[in-house]
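K.L.:
If you scroll down you'll find the structure; I have some questions about it.
What follows is calculated from the coordinates using simple rules that are stated; it is not laboratory data. None of the values given here were measured: they were computed from a predicted structure. We place every Cβ from the backbone using ideal geometry, glycine too, and count neighbours over all the protein chains shown.
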Amino acid sequence: MGARREVVSVVTERYRSAKRAEKGRILDELCATTGWHRKHAVRALRRREAVGPGEVEATRKRRRRYGATIKDALTALWEASDRVCGKRLKVMIPTLLPALERHGRLQLGQSDRDRVLAISAATIDRLLVDVKIASTAATAPSG
């Protein structure tokens with residue numbers, strides 16, 4: 001395994017800077033040298049950092065696509081729609097969004113507006129889960 005790691009570390013820079021046809025030849029060489037399958041070789045060459053023996057490679061975090069602005073806009077849309085579920089809210093957004101903007105309740109840039117219009121029902125529910133919990137706790141009778 002150590003020898004394979006050394007081979008991969010030597011080939012990695014060459015692979016990253018190569019054009020598509022050259023990458024194919026590099027993969028063929030690596031598969032012949034290591035005995036790996038092609039897909040495994042591709043994954044080994046695309047790793048971000050070299051990992052030492054006994055270490056586990058850290059997974060990359062996804063970039064957040066929907067920030068606080070989008071969440072605030074969805075909260076306003078959700079409240080205006082009388083707190084419907086994400087599936088129904090998704091269908092209502094193209095109608096509600098211009099109305100809320102016209103009345104000054106929302107002010108979104110074009111990119112944020114496009115994101116709100118393109119958001120899925122599942123993502124709406126996922127983003128609003130803490131808002132829904134907070135509103136339920138606030139309206140629940142204390143006893």
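K.L.:
Highest mean first, how do 88-94, 72-78, 129-135 rank when packing is the count of other Cβ atoms within 10 Å averaged over residues?
P.N.:
Peptide ranking by packing, descending: 72-78, 88-94, 129-135.
K.L.:
On to the next question. Per-residue HN-Hα couplings for the stretch 107-116, Karplus 6.51 cos²θ - 1.76 cosθ + 1.60 at θ = phi - 60°, whole Hz, x for Gly and Pro?
P.N.:
Taking θ as phi minus 60°, the curve returns 9, 10, x, 4, 5, 5, 4, 5, 5, 5 Hz for the stretch 107-116.
K.L.:
Once all Cα-Cα distances of the chain are split into 5 Å bins that start at 0, what whole-number percent is in each one?
P.N.:
2, 8, 15, 13, 9, 6, 5, 7, 9, 10, 8, 5, 2, 1, 0
K.L.:
Between the stretch 71-111 and the stretch 8-51, what is the C-alpha centre distance in whole Å?
P.N.:
Between the Cα centre of the stretch 71-111 and that of the stretch 8-51, the gap is 48 Å.
K.L.:
Under 17 Å Cα to Cα from K23, which lysines show up? Leave out anything in the same chain fewer than 8 places away.
P.N.:
The reachable lysines, counting only those whose Cα sits under 17 Å from K23, are K39.
K.L.:
When only alpha-carbon atoms are used, what values of Rg and Dmax, in angstrom, describe the stretch 2-46?
P.N.:
Over the stretch 2-46's Cα set, Rg and Dmax evaluate to 9.3, 28 Å.
K.L.:
Near K132, which lysines are there with a Cα under 29 Å away, not counting those fewer than 8 places off in the same chain?
P.N.:
Here the lysines satisfying the reach criterion relative to K132 are K61, K71, K87, K90.
K.L.:
Against the longest principal axis of the chain, how steep is helix 20-34, in degrees 0 to 90 to the nearest 10, with axes from Cα atoms?
P.N.:
60
K.L.:
Another one. Starting from the Kirkwood Rh over alpha-carbon pairs, what translational D in µm² s⁻¹ does the stretch 61-143 have by Stokes-Einstein at 10 °C and 1.306 mPa s?
P.N.:
Estimated diffusion coefficient is 119 µm²/s.
K.L.:
Could you work out how far helix 2-17 tilts from the main Cα principal axis of the chain, as a 0 to 90 degree angle to the nearest 10?
P.N.:
So the helix axis and the longest Cα principal axis differ by about 70 degrees.
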